[in-house]
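Colleague: Structure provided below as structure tokens; questions to follow.
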Amino acid sequence: MSREFALPGTRPKFARDRVVDVEHVKLVLALDPPNKRVSGTAELTCAVLAADTGWVVLDAVELAIAAVRVDGAPTTFAADGAKLRIDLGAPRPIGHRAVLAIDYAATPRRGLYFVGPDAGYPDKPSQAWTQGQDEDSRHWFPCFDQPHEKATTELIVTVPRAWFALSNGELKADTVEGDRRTLHYALDVPHSCYLVTLAAGELATLEHRWRDVRLTYHVQRGREDDAERSLARTPTMMDVLSARFGVDYPYTSYAQVFVADFIFGGMENTTATTLTDVALLDARAAIDDDVDALVAHELAHQWFGDLVTCRDWSEGWLNEGFATYSEYLWREAHEGRDAADLELDDWLHTYFGEDSGRYRRPIACRHFEEPIDVFDHHLYDKGGRVLHMLRQVLGDASFTAVLRHYLTKHRHGSVETRDLARAVEDTTGRVLDWFFSQWVIDGAGHPELAVGVAWDPDTKLATITVEQKQKVEGKTPLFRLPVVLRFRTAAGPHGGDDVDVPVEITEARHAFHVALPAEPTQAIFDPGGTLLASVECDKSVALWAAELAGATLGLDRIHAARALGGKGGARAEAALIAALGGDAFWAVRGAAATALGVTRTPGARDALVRAVVAEPHPKARRAIVRALGDFRGDERAIAALEPLVAGGDPSYYVEAEACLALGRTRAASAPRLLREAARRDSHADVIRAHAYKGLAEARDDAALPLLLDGSAWGKVSQGRRAAVAALAMLARGRRDRDARDAREAIERLLEDGDFRVQASAIEALAVIGDPAAVGALRKVIDRELDGRLRRRSKEVIRDLEEGRGRDEEVKKLRDEVDGLRGGLAKLRDQVEKLEAVVTGSGKPSKPSKPRKPDKAAKKAARAERKDKAKKKR
């Protein structure tokens, strides 16, 4: 079973009391980029909520407070580096308004970041930008740093003359005096303080419009074309989301700004989204990549998160789940359901990985040490999948009606899950408390379903059996699951058409009997994979092949391809080869390629080699190239990959996949070709990153110096992180001198200036599995302010101390051995059948001799014995 999410000693978190309502925040600030310093005055207009309030406590982390005034008069205060206590002078009655003015300065370590050129990165732009979520605004201005506190805002900022600055709302004034420029922004609708933003630097501005809304894109000068390319579909997204939500975009302007070294992909500051500059696509990257999911996600937050905000962070899925699901809504409208369903499939597997590999928790969860702890795949990916299920339960028209009611009723307010449930009830009359209980509030995990398909020709009944196999314990329930069974037959009034039968699963085991005019040619459980569930479906190769050839939905054809890859055999291979060359959807062709790689037959290899040249879609070519990497030591596969690695491809990503695939084949040419590829620049350093990983897959220990150099300060961040991961792959489970040197080099990166490299170093130490890293990880917990680094370090320390990495290594070896044994058994059966045919006896000519354990089996057994001995000690 998955681990508990809450670490030992974690207490539940609740929204904080307010003694005043902050109605307006006015910041008058000056930036000092060379000294990474901000100074100025924060004015908070407050209305008293609690009777006889004599003091107010604000969040103010590492702010140097110079003076405080109440309604213009100086007052006493106390600041301890975390909180600022302001004396109001006399108890104030409910409703009394006061203006608190705080003069302060800071050199922030969180919240406000200054970036610029240095010895390692001399071309990095000089910029300053903020990141308030979850509770980091307190690091750059005094505030009540909670999402349920909302206020209108003003920001007046003075920056170097050559800079531009962006904040929330409308630009009211822009003046230049000497070598300084001052810009004045105001937003006249209330929003949470974590959404207050400032982004400044030498930025170009690109202007567009959507209806009466002013759209602006801000980007480092010289990259205007990349910004236009990356954001081109923003106006169409605003049309799509306004229609789907039932509420038009709620503000008068919308800006998007690209910044360097951003610590997230994007941030939905009200009216002014910040995006990482990694999202800027050059022309070659745009051949088979886009950043639509990111752009749609942050845009959707303007409704879900900004206009209507989670009451506290335990309800953060109401922000992030809706934003994530909006990626699907956009893709569905822009490219069709088949393309959108790929998003669902991706979320499913990322959530499964977190659930099985790290922890299990309810989506709405109060037991966290820091709010950032819950910003995970449960919140985003599972949250998005839950909303997709809600849409299926309600139907499209009712879903939009619910969203319209929810957004209108709670406009500018704060919400909890029960508010969404009541919006459903108010709009449709349906009480879905059971749905929100099992999926969001009380339940954790997901159903694990075993599905069987049978046909009785005498009764003409198709029987679908469904068994919930998940262990019902803790917060993991027996689920209630409305679902559709889809059939197709060649005969009858609906011959050749899909026939959908809605059913509901409520028990541990069900058998559904469906009368059909003839044996079904397709029998699909949950078409389109709506359920958030793992599904093992037992049906014939004939059904899977028919579904691969003709299922209506692309995702159902993809599921069929995966199943046929697992089953193997001549019929499965033929069906996969046909789909590889003939399916209309590139993703199905890609899934067929992946499945052929699983089979590893000569016929599969030959089909893949042909497809490398014939396939026109670069995303499908990626999958084909990746599948060729499954043919370790195969000269024909290697010969197909070598030209792509040596000579490249129009797509960065196909070329990158070829690098990784060649390494996986263990080709003799891999070390040389991958070193050459590692010298090539590309968008997001994707080619170099895959070349590094390919060297690790090739087990090239001689690449250690190259990888150590590739991880150094001054190299591209994505390549550095890949080099760290490759070092970990080579050092995994080893304790020799090279492995120790790699581990110690990775430990030094725990203090790196790049947050993402630090995070990669933590993951690398988890992969290496050496308890000697515990001391370095403890220093991360003591030193770092970023809760993500601290949380993950605690998890890795726990796993290292408990020997979990070794347990997983032993299990992996055992599984590999079991797989080899199963494959050998099948081969022996085939040989024996052939021998029987040759001898004409109808039975094997001789019994098989017992075989000696192979080397992998011996290695697994030794590791298991050592592990047991260690546990006894």
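Colleague: Provide the solvent-accessible area of TRP210, counting protein heavy atoms only and rolling a 1.4 Å probe, rounded to the nearest 10 Å².
Modeller: Answer for TRP210: close to 10 Å² accessible.
Colleague: Turning to a different aspect of this structure: Enter the angle in degrees (range 0 to 90, nearest 10) between the Cα long axis of helix 652-665 and the first principal axis of the Cα atoms of the chain, meaning the one along which they spread out most.
Modeller: The two axes meet at around 50 degrees.
Colleague: Can you pull the three principal axis extents for the Cα set of the range 1-137, in Å, largest first?
Modeller: Reported extents, whole Å, longest axis first: 57, 53, 24.
Colleague: Within 10 Å, count the other beta carbons around each residue, average over each peptide in 228-234, 522-528, and list them highest first. All intermediate terms of the calculation are to be shown ahead of the outcome.
Modeller: Details: 228-234: 19.0, 522-528: 23.6.
Put in order of decreasing packing, that is 522-528, 228-234.
Colleague: Packing-wise, with mean Cβ within 10 Å as the measure, how do 344-351, 453-460 rank, highest first?
Modeller: Result, highest mean Cβ count within 10 Å first: 344-351, 453-460.
Colleague: Can I ask one more? Which whole-angstrom value gives the distance between the alpha carbon centres of the range 776-796 and the range 42-81?
Modeller: Cα centres, the range 776-796 to the range 42-81: 33 Å.
Colleague: Distance between Cα centroids, the range 736-759 to the range 538-569: provide it in whole Å.
Modeller: Using only Cα atoms, the two centres lie 44 Å from each other.
Colleague: Filter LYS693/LYS794; LYS26/LYS150; LYS13/LYS83; LYS409/LYS475; LYS693/LYS715; LYS26/LYS409 down to the pairs with a C-alpha to C-alpha distance above 21 Å, please. Mind showing how you got there, number by number?
Modeller: Values: LYS693/LYS794 27 Å; LYS26/LYS150 13 Å; LYS13/LYS83 18 Å; LYS409/LYS475 32 Å; LYS693/LYS715 16 Å; LYS26/LYS409 28 Å.
Over 21 Å apart, Cα to Cα: LYS693/LYS794; LYS409/LYS475; LYS26/LYS409.
Colleague: Still on this model: Provide THR158, THR53 ordered by accessible surface of protein heavy atoms (probe 1.4 Å), highest first.
Modeller: Details: THR158 35, THR53 10 Å².
Order by accessible area, largest first: THR158, THR53.
Colleague: Roughly speaking, what is the stretch gain from VAL501 to ASP87, that is 0.36 nm per residue apart minus the C-alpha to C-alpha distance, in nm to one decimal?
Modeller: Length gained between VAL501 and ASP87: 142.3 nm.
Colleague: To the nearest 0.05, how large is the calculated FRET efficiency for HIS513 and ALA574 if R₀ is 45 Å and r is the Cβ-Cβ distance? Write out the running numbers ahead of the final one.
Modeller: On the way: r = 32 Å, r/R0 = 0.72.
For R0 = 45 Å, the calculated efficiency reads 0.90.
Colleague: If you don't mind, another one. To the nearest 10 square angstrom, what accessible area does THR75 show with a 1.4 Å probe?
Modeller: My reading of the accessible area for THR75 is about 30 Å².
Colleague: Still on this model: On a 0 to 90° scale, report how tilted helix 686-697 is relative to the longest principal axis of the chain, with both axes built from alpha carbons and the result rounded to the nearest 10.
Modeller: 50 degrees
Colleague: Please work out the average accessible area per residue across the range 109-265, using the 1.4 Å probe convention, and give it in Å².
Modeller: Spelled out: the 1.4 Å probe surface of the range 109-265, per residue, equals 35 Å².
Colleague: How many angstrom lie between the C-alpha centres of the range 248-304 and the range 509-537?
Modeller: Going from one Cα centre to the other spans 39 Å.
Colleague: Expressed as a whole percentage, what fraction of the accessible surface of the range 361-503 belongs to carbon and sulfur atoms when a 1.4 Å probe is rolled over the protein heavy atoms?
Modeller: The value for the range 361-503 is 50 percent carbon and sulfur by accessible area.
Colleague: What are the principal axis extents of the Cα atoms in the range 148-258, in Å, biggest first?
Modeller: So the three principal-axis extents are 48, 38, 23 Å.
Colleague: By how many degrees, 0 to 90 and rounded to 10, does the Cα axis of helix 787-802 deviate from the longest principal axis of the chain?
Modeller: Helix 787-802 and the main axis of the chain meet at about 40 degrees.
Colleague: Here's something else I'd like to know. Assuming 0.36 nm per residue, please report the length gained on full extension of the stretch PHE264 to VAL541 beyond their Cα-Cα distance.
Modeller: Full extension from PHE264 to VAL541 adds 95.3 nm.
Colleague: Which option, (i) 45.5; (ii) 41.3; (iii) 35.2, is the value of mean projected area of the Cα convex hull in nm² that was calculated from these coordinates?
Modeller: Among (i) 45.5; (ii) 41.3; (iii) 35.2, the one derived from this structure is (ii).
Colleague: Quick check on packing: order 467-477, 142-152 by the mean number of other C-beta atoms within 10 Å, highest mean leading.
Modeller: Going by the mean number of other Cβ atoms within 10 Å, highest first, we get 142-152, 467-477.
Colleague: Compute the signed sum of charges (Lys and Arg +1, Asp and Glu -1) over the other residues within less than 10 Å, Cβ to Cβ, of TRP313. Provide the component values of the computation, followed by the final result.
Modeller: Details: positive: LYS13, ARG311, ARG366; negative: ASP134, GLU135, ASP312, GLU315, GLU370, ASP373.
Here the charged neighbours net out to -3.
The values are calculated or read from the model by the stated rules, or taken from the named source; none is laboratory data. For clarity, every value in this text was computed on a predicted model and none was experimentally measured. Virtual Cβ from ideal backbone geometry, glycine too; neighbours counted across all protein chains shown. Ligands, DNA and RNA are excluded from the accessible area calculation, which covers all protein heavy atoms including side chains. Shrake-Rupley method; radii C 1.70, N 1.55, O 1.52, S 1.80 Å.
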